[in-house]
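Colleague: Mind having a look at this structure? Questions to follow.
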Amino acid sequence: MNSRILEVNNLKKYFKVKNGNLHAVDEVSFYINTGETLGLVGESGCGKSTTGRTLVRLLEADHGEIIFEGSDILKKGKKEMSDLRQNVQMVFQDPYSCLNPRLSIGNSIAEPLEVNNIYKTKQDKKNRVKELMDIVGIEERLINSYPHELDGGMRQRVGIARALAINPKFIVLDEPVSSLDVCIQAQILNLLKRLQKELDLTYLFISHDLSVVKYISDRIAVMYLGKIVELSDHNIIFKDPLHPYTQALLSAIPIPKLNASGDRIILKGDVPSPVNPPEGCRFYTRCIYAQDVCLNKTPELREIEPERYVSCHFARNLSREEN
Amino acid sequence: MRGENKLLDIKKLKVTYRSDNGPVHAVENLNLELGYGETLGFVGETGAGKTTTAYSIMGLLPSPQAKIESGEITFEGESLLDKKEKELRNIRGRDIAMIFQDPMTSLNPVMTVIEQVEEMISLHKKISKKEVKEQAYQILEKVGIKEERVFDYPHQFSGGMKQRVVIAIALSCDPKLLIADEPTTALDVTIQAQVLELMKKLKDEFGTSMIMITHDLGIVAEICDKVAIMYAGSVVEYADKVSLYTNPSHPYTRGLFNSIPDINKEDTSELKEIKGHPPDPTNPLLGCNFSSRCEYAMEKCKKFKPKEYMLSDSHTVNCFLYDNHTYKGGEPNE
């Protein structure tokens, strides 16, 4: 039986804006098993990054529980949090802006070691930095280079080395490959997979790129307007998507093959504003199957088959009303 | 038969940028042709020279940093490089239009969207104000902007809607060639699908030729007729779409395909990556640009530039692996 390293219950994060509350994350619940990768996909503004950031408490959640290895991290004080951060780390999307331009690569990687006071002597620290550079595939001669001298892929490797420095168990990866070219992207994906195996890591992998998410994840959660609409195994969700949004999202991916795109579902319009969203299903305005009940009643994320969660009133019984 | 019905023909284009470390060879010996009504996918990584090529066609290269060292660009039989700025200004927008990657930066934030479409039309067509307005309405309607929104400003639109406005501006004068520089990169997938659908529809309706600059082979499969794969400043493989997708031949092209996770496969074994990095553009390689990363690299690859070997009438590849085929015209560039 898998043990759960992280369990999130009814997580909520609202931002105050001029016209009310922006519901960035609304009643989100999921869990992550030890050693697996959970992929979190959705379009911009759906709340996936906010979810990632609340998990490491870079943002304070408004409501809910985040249970990491048995204890609720939202209840922890400052001191306990810094202990926790040794186990939970994050890699950011933009390797250009997450590195200090005035710190050399070596010093950047040493920073988390210093903050946590792990090595007593300079030599030990230096050895660890070199070891980390080796693990993520940065040549040793670059130790005194500065971020502007490296390309995006190398910088992302520095970001990963920093996250790995203090041997975390769980890493939140927020769009780690989306600013990279496909060749470099493949290198980083291979690296992340290898590291997971070698260091027994658990990942939350946030991305908007479905083919990348499918490749790296064990299970996938699809988010839309602050809510998870579907969550299941990565192969099953692609073969048999149940939520109308997942179906449209999957059919919209351009596939690099001839005549690959079969029947494409083109969604009408844009994602509605997350400020003061109405009751009912969030996808109502763009759903081709929408019926009256969808407007009035918010669908719960329910387990309709073992390990398959979907929040749609008509999952498995989608039929289009003639209009 | 090559050469009869060409809209655009680029021969041996070479563009360099000035830098402190000596000239940056952005585009090197680039050959490209495009027929009427065709859509060409222009694929390559960051820094491959895709945008530089597009700017060379448009005559928009920053001066004096960038310089077209040699080569020809012929558009409808006339050389674009010999034209004066004034003549180019008439061609830009009317005959050749461009869609940029980021719709926010290519729209004027203090003009309503209809004003921006009208501006383009009145610059290039000698018609009355009333007709200009009518045409602007029509084109905006075609791209799916409702009448009640045409007096809005760009910031009131979402990314996808803004890109629709940019497309409307680009198509408002019936250009013969449309250059789209990563038109959907800044958009979400579901919105991307909408915009691609729209572009496909309008391309057929207007009969416009198009150059689609992208790094996404999925988009190419969907919308293009021909594909040029670019690496480190030159085209390494040029083919019709079917031929390229069924028989990718250059080692770099194959590497590109292998780097993309296959969404239809359940197998998640390691991706076959291309090791290493593209060569430094200030210090180009003597031989084939890809030889530093190529698993098939031979002695001669390091010393000479490969010619354009013809696998078929519509498929050329610049690689010595295919030197048992005849090569296309011209002398090799050594």
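The values are calculated or read from the model by the stated rules, or taken from the named source; none is laboratory data. Keep in mind the model is a prediction, meaning the values are calculated, not measured. Virtual Cβ from ideal backbone geometry, glycine too; neighbours counted across all protein chains shown. For the accessible areas, the whole protein counts, side chains as well, though only heavy atoms, and no ligand, DNA or RNA atoms are used. Shrake-Rupley method; radii C 1.70, N 1.55, O 1.52, S 1.80 Å.
Colleague: Just one of (1) part of a loop (DSSP other than H, G, I, E, B); (2) surrounded by 19 or more Cβ atoms within 10 Å (Cβ to Cβ) trips up B:Tyr252, so point out which.
Modeller: (1)
Colleague: Would you please name the residue that is modelled with the highest pLDDT, looking only at residues in the stretch B:189-234 that are of a type in the set (Asp, Glu) and surrounded by fewer than 23 Cβ atoms within 10 Å (Cβ to Cβ)? Give the steps one after another, and end with the answer.
Modeller: Step one: filter the stretch B:189-234 for residues of a type in the set (Asp, Glu), giving B:197, B:204-205, B:216, B:222, B:225.
With the extra rule that they be surrounded by fewer than 23 Cβ atoms within 10 Å (Cβ to Cβ), the set shrinks to B:197, B:204-205, B:216, B:225.
Numbers: B:Glu197: 89, B:Asp204: 87, B:Glu205: 89, B:Asp216: 89, B:Asp225: 92.
The selected residue is B:Asp225.
Colleague: Let me ask you something else. Return the total of residues in the stretch A:165-186 being open to solvent by 10 Å² or more (accessible area, probe 1.4 Å) and assigned to a helix (DSSP H, G or I).
Modeller: Matching residues across the stretch A:165-186 total 3.
Colleague: Moving to a separate point now. Does any residue in the stretch B:262-276 that is touching a residue at least 12 places away in the same chain (Cβ under 8 Å) come within less than 7 Å, Cβ to Cβ, of a residue that is surrounded by fewer than 17 Cβ atoms within 10 Å (Cβ to Cβ) and of a type in the set (Val, Ile, Thr) six or more places away or on a different chain, and which pairs are these?
Modeller: Final answer for the pair search is none.
Colleague: Out of B:Ile57, B:Ile73, I need the residue that is assigned to a strand (DSSP E or B) and crowded, with 18+ Cβ neighbours inside 10 Å. Which one?
Modeller: Working: B:Ile57 fails: assigned to a strand (DSSP E or B).
Just one listed residue meets the conditions, B:Ile73.
Colleague: State whether one or more residues within the stretch A:230-243 are under 16 Å from the mean Cα position of the chain (by Cα), among the aliphatic types (A, V, I, L, M) and within 25 Å of B:Thr214 (Cβ to Cβ). Walk me through it before giving the result.
Modeller: Applying the first criterion (under 16 Å from the mean Cα position of the chain (by Cα)) to the stretch A:230-243 yields A:230-234.
Those left that are additionally among the aliphatic types (A, V, I, L, M): A:231.
The next check asks that each one be within 25 Å of B:Thr214 (Cβ to Cβ); those that pass are none.
No, there is no match, as no residue in the stretch A:230-243 is under 16 Å from the mean Cα position of the chain (by Cα), among the aliphatic types (A, V, I, L, M) and within 25 Å of B:Thr214 (Cβ to Cβ).
Colleague: Is one or more of the residues making up the stretch B:287-307 within 22 Å of B:Val27 (Cα to Cα) and modelled with pLDDT under 85?
Modeller: Checking the stretch B:287-307: not a single residue is within 22 Å of B:Val27 (Cα to Cα) and modelled with pLDDT under 85.
Colleague: Within the stretch B:316-333, identify whether any single residue is away from chain A (no Cβ under 14 Å), under 23 Å from the mean Cα position of the chain (by Cα), open to solvent by 40 Å² or more (accessible area, probe 1.4 Å) and modelled with pLDDT under 95, and answer yes or no. Write out each step before concluding.
Modeller: Narrowing the stretch B:316-333 to residues away from chain A (no Cβ under 14 Å): B:316-333.
If we keep only those that are under 23 Å from the mean Cα position of the chain (by Cα) as well, we get B:316-319, B:328.
Add one more test, that the residue is open to solvent by 40 Å² or more (accessible area, probe 1.4 Å), and what stays is B:328.
Checking the rest, the ones that are also modelled with pLDDT under 95 come to B:328.
Yes, some residue in the stretch B:316-333 is away from chain A (no Cβ under 14 Å), under 23 Å from the mean Cα position of the chain (by Cα), open to solvent by 40 Å² or more (accessible area, probe 1.4 Å) and modelled with pLDDT under 95.
Colleague: Just the residues that are open to solvent by 50 Å² or more (accessible area, probe 1.4 Å), in contact with a Leu (Cβ under 9 Å, 6 or more places away or on another chain) and more than 9 Å from chain A (Cβ to nearest Cβ), please, taken from the stretch B:255-297.
Modeller: Across the stretch B:255-297, the qualifying residues are B:Ser292, B:Tyr296.
Colleague: State the number of residues belonging to the stretch B:57-84 that are more than 16 Å from B:Arg18 (Cβ to Cβ) and either of a type outside the set (Asp, Glu) or modelled with pLDDT under 90 (or both). Reasoning before the result, please.
Modeller: From the stretch B:57-84, those more than 16 Å from B:Arg18 (Cβ to Cβ) are B:57-60, B:70-84; that's our starting set.
If we keep only those that are either of a type outside the set (Asp, Glu) or modelled with pLDDT under 90 (or both) as well, we get B:57-60, B:70-71, B:73-75, B:77, B:79-81, B:83-84.
Counting residues in the stretch B:57-84 that are more than 16 Å from B:Arg18 (Cβ to Cβ) and either of a type outside the set (Asp, Glu) or modelled with pLDDT under 90 (or both) gives 15.
Colleague: Filter the stretch A:242-257 for residues that are surrounded by 21 or more Cβ atoms within 10 Å (Cβ to Cβ) and modelled with pLDDT of 90 or more and give the result.
Modeller: Correct list: A:Leu242, A:His243, A:Pro244, A:Tyr245, A:Thr246, A:Ala248, A:Leu249.
Colleague: Cβ-Cβ distance below 8 Å, separation of 6 or more or different chains: which pairs start in the stretch A:123-139 with a residue that is open to solvent by 90 Å² or more (accessible area, probe 1.4 Å) and end on one that is at pLDDT below 90?
Modeller: A:Asp134/A:Glu140
Colleague: To continue, here is another question. Sort through A:Leu189, A:Leu195 and tell me the only one that's at pLDDT 90 or above, in a helix (DSSP H, G or I), surrounded by 21 or more Cβ atoms within 10 Å (Cβ to Cβ) and out of contact with any strand residue (DSSP E or B) (no Cβ under 8 Å at 6 or more places or on another chain). Working first, answer last.
Modeller: Details: A:Leu195 fails: surrounded by 21 or more Cβ atoms within 10 Å (Cβ to Cβ).
Testing whether each residue is at pLDDT 90 or above, in a helix (DSSP H, G or I), surrounded by 21 or more Cβ atoms within 10 Å (Cβ to Cβ) and out of contact with any strand residue (DSSP E or B) (no Cβ under 8 Å at 6 or more places or on another chain) leaves just A:Leu189.
Colleague: Are any residues in the stretch B:232-246 within 11 Å of chain A (Cβ to nearest Cβ) and polar (S, T, N, Q), and if so, which ones?
Modeller: B:Ser243, B:Thr246
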